[in-house]
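Okay, structure first, notes after.
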């Protein structure tokens, strides 16, 4: 019989797990050794939260969960930030933590907390492994993580488990249950409501992005010509050049989308997950048709006219086969709307601001490149301004929305797509949280560019303080230069304070082997104009 460490790694590999991230404690060493012998890399990170974010991105880009690890106490609590991200951003992963033995589990001892209680509210399932049922536990963990709606599962590994004898069972079962096909009555009710509409508005969200429904969406628009609004994490499902593209809800300039939404007599939610933005926050006074893998959660006065909870792809196939509907929307009006929207998110104030910096980056980054976006004021601008030609080329967190996401997400993307240019856009606040991951990028030799929009403030908080007429001195991060160095942790730093110098620096960064930081010294005052108080 093999030992539990070997069986744990073998079973995960059998399920398609190829990457593991984290910071080890002593009890994790047997598992790392098992990974080394099986050429399954355990990637040391600078902070356990980064391990969770990197595992999340591996699932988004490959469709296979990854493993992340933290040791007792502080390792587990740090890891919880990344695990929570996977829960609310809907990514399957397996989180493992070292736990005390049965004899010491309820004792007061160093670094000991109840990991099961810690992870219960931020996972789909948490459990404590035992030698006699280890393979069954892993099988259930993978099935639970991958089942709709996907998310994280936590497995506690007792400190004395690794060397125990453990049976290695046969091939693992297939993960993920088959999604239910839409019932004829439910899909017909949806079709009838759409056919009654003269001005339907289509809202597409995270579920549709995760299930890669972009081709089906394009086919549906041939049958139902109507404006499409996207949630931020659905960017790429419909190119900004498409004649029925209307914009992104919740982000810069989204108030202009309200003018379109108010004209709708029906809203059709396709794969719309309210974890990003509640329907009630923007829905016009029109009935809602909700088509998703999970029911809608609504409060008055929203009217749910029809709902189809089923396999999303199968539902969209049926809708796309509808006879073409003659709507009253004017494509020329929508084209003018897009032109006005794009002009609004580029204020042209004459200073070197974030919009100009991002436009330059879009010019330099090849169309197939991947951008990861940290959380901050720039997120609201990127969500509307950044052209995204296809799914998987714009990675952000909007369900969890944790600052510090951008850099580890970019490293995860570079691991999964080593031949694809990858850039992270982060503010100086988010960069400060995860600067230590530059050591990870340098050690792995990742060709990742990190562009820091340095405006010396927590700009999103500064904007919101302005709404409340509060002084913003508590949001100032620093004065003067930010990094003030040519290298940080051995990684080159290129500086830019004009459009011309930024273009030069970015071209140099993408031509350089290994990670590069580009510090763009921008004027953040444009954010006050670009970020609206609310959608309505």
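Just the residues that are touching a helix residue (DSSP H, G or I) at 6+ places or on another chain (Cβ under 8 Å) and not in a helix (DSSP H, G or I), please, taken from region 26-44.
38, 40, 41, 42, 43, 44
Taking residue 406 as the residue in question, decide whether it is in contact with a strand residue (DSSP E or B) (Cβ under 9 Å, 6 or more places away or on another chain) and at pLDDT 95 or above. Give the steps one after another, and end with the answer.
On the way: in contact with a strand residue (DSSP E or B) (Cβ under 9 Å, 6 or more places away or on another chain): yes; at pLDDT 95 or above: yes.
Yes: the conditions hold for residue 406.
Here are the criteria: (1) without any contact (Cβ under 8 Å) to a residue 40 or more places away in the chain; (2) over 23 Å from residue 341 (Cβ atoms); (3) buried (at least 16 other Cβ atoms within 10 Å of the Cβ). Tell me which single one residue 283 does not satisfy.
Every condition holds for residue 283 apart from (2).
With a cut-off of at least 1 residues that are buried (at least 16 other Cβ atoms within 10 Å of the Cβ) and without any contact (Cβ under 8 Å) to a residue 24 or more places away in the chain, name the strands (runs of 3 or more DSSP E) lying wholly within region 446-536.
Numbers: elements: 448-454, 491-496, 516-521.
Where strands (runs of 3 or more DSSP E) fall fully within region 446-536, none carries at least 1 residues being buried (at least 16 other Cβ atoms within 10 Å of the Cβ) and without any contact (Cβ under 8 Å) to a residue 24 or more places away in the chain.
Could you list, in sequence order, the residues of region 342-399 that are without any contact (Cβ under 8 Å) to a residue 12 or more places away in the chain and not in a helix (DSSP H, G or I)?
Step one: list which residues in region 342-399 are without any contact (Cβ under 8 Å) to a residue 12 or more places away in the chain, which gives 343, 348, 350.
Answer for region 342-399, where residues must be without any contact (Cβ under 8 Å) to a residue 12 or more places away in the chain and not in a helix (DSSP H, G or I): 348, 350.
Would you be able to say whether some residue in region 69-85 is part of a strand (DSSP E or B) and either out of contact with any helix residue (DSSP H, G or I) (no Cβ under 8 Å at 6 or more places or on another chain) or over 27 Å from residue 313 (Cα atoms) (or both)?
Keep residues of region 69-85 that are part of a strand (DSSP E or B), which gives 69-70.
Subset that is either out of contact with any helix residue (DSSP H, G or I) (no Cβ under 8 Å at 6 or more places or on another chain) or over 27 Å from residue 313 (Cα atoms) (or both): 69-70.
Looking for residues that are part of a strand (DSSP E or B) and either out of contact with any helix residue (DSSP H, G or I) (no Cβ under 8 Å at 6 or more places or on another chain) or over 27 Å from residue 313 (Cα atoms) (or both), one finds at least one in region 69-85, hence yes.
Sort out which residues of region 343-363 are in contact with a strand residue (DSSP E or B) (Cβ under 9 Å, 6 or more places away or on another chain) and surrounded by fewer than 18 Cβ atoms within 10 Å (Cβ to Cβ), and write them in order of number.
362
Is it true that some residue in region 185-200 is in contact with a strand residue (DSSP E or B) (Cβ under 6 Å, 6 or more places away or on another chain) and part of a strand (DSSP E or B)?
Looking for residues that are in contact with a strand residue (DSSP E or B) (Cβ under 6 Å, 6 or more places away or on another chain) and part of a strand (DSSP E or B), one finds at least one in region 185-200, hence yes.
Which pairs turn up if I take residues in region 252-271 that are on the phi > 0 side of the Ramachandran plot and look for partners that are crowded, with 21+ Cβ neighbours inside 10 Å and assigned to a strand (DSSP E or B) with beta carbon separation below 6 Å, at least 6 apart in sequence or on another chain?
Listed pairs, sorted by first residue: 271/292.
Do you know which residues across region 291-306 are over 17 Å from residue 275 (Cβ atoms) and buried (at least 17 other Cβ atoms within 10 Å of the Cβ)? Explain how you work it out, then say what you get.
In the first step, residues of region 291-306 are kept if they are over 17 Å from residue 275 (Cβ atoms); the result is 300-301, 303-306.
The answer is 305, 306.
Of (1) assigned to a helix (DSSP H, G or I); (2) touching a helix residue (DSSP H, G or I) at 6+ places or on another chain (Cβ under 9 Å); (3) touching a residue at least 60 places away in the same chain (Cβ under 8 Å), residue 65 satisfies all except one. Which?
Checking residue 65 against (1) assigned to a helix (DSSP H, G or I); (2) touching a helix residue (DSSP H, G or I) at 6+ places or on another chain (Cβ under 9 Å); (3) touching a residue at least 60 places away in the same chain (Cβ under 8 Å), the one that fails is (1).
Here is a yes/no grid of residues against (1) assigned to a helix (DSSP H, G or I); (2) under 28 Å from the mean Cα position of the chain (by Cα); (3) crowded, with 19+ Cβ neighbours inside 10 Å:
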{"site": "7", "(1), (2), (3)": "yes, no, yes"}
{"site": "11", "(1), (2), (3)": "yes, yes, yes"}
{"site": "16", "(1), (2), (3)": "no, yes, no"}
{"site": "24", "(1), (2), (3)": "no, yes, no"}
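Looking only at region 290-312, which residues are in contact with a helix residue (DSSP H, G or I) (Cβ under 8 Å, 6 or more places away or on another chain) and in contact (Cβ under 8 Å) with a residue 24 or more places away in the chain?
Within region 290-312, 291, 292, 293, 294, 296, 305, 306, 307, 308, 309, 310, 312 qualify.
Which numbered condition in (1) touching a residue at least 24 places away in the same chain (Cβ under 8 Å); (2) under 30 Å from residue 271 (Cβ atoms) is the only one that residue 167 fails?
All conditions are met except number (2).
Any chance you could count how many residues in region 402-438 are out of contact with any helix residue (DSSP H, G or I) (no Cβ under 6 Å at 6 or more places or on another chain), free of Cβ contacts under 8 Å to residues at least 40 places away in the same chain and surrounded by fewer than 24 Cβ atoms within 10 Å (Cβ to Cβ)?
Total meeting the criteria: 3.
Kindly evaluate residue 85 against the criterion of being more than 30 Å from residue 170 (Cβ to Cβ), over 21 Å from the mean Cα position of the chain (by Cα) and surrounded by 16 or more Cβ atoms within 10 Å (Cβ to Cβ).
Details: more than 30 Å from residue 170 (Cβ to Cβ): yes; over 21 Å from the mean Cα position of the chain (by Cα): no; surrounded by 16 or more Cβ atoms within 10 Å (Cβ to Cβ): yes.
Criteria not met by residue 85.
Exactly one condition in (1) in a loop (DSSP other than H, G, I, E, B); (2) farther than 30 Å from residue 102 by Cβ is false for residue 208; which is it?
If we test residue 208 against (1) in a loop (DSSP other than H, G, I, E, B); (2) farther than 30 Å from residue 102 by Cβ, just (1) comes out false.
The values are calculated or read from the model by the stated rules, or taken from the named source; none is laboratory data. What you are looking at is a predicted structure, and each value in this text was computed from that prediction instead of being measured. With ideal geometry, Cβ positions are generated from the backbone for all residues, glycine too; neighbour counts draw on all protein chains shown.
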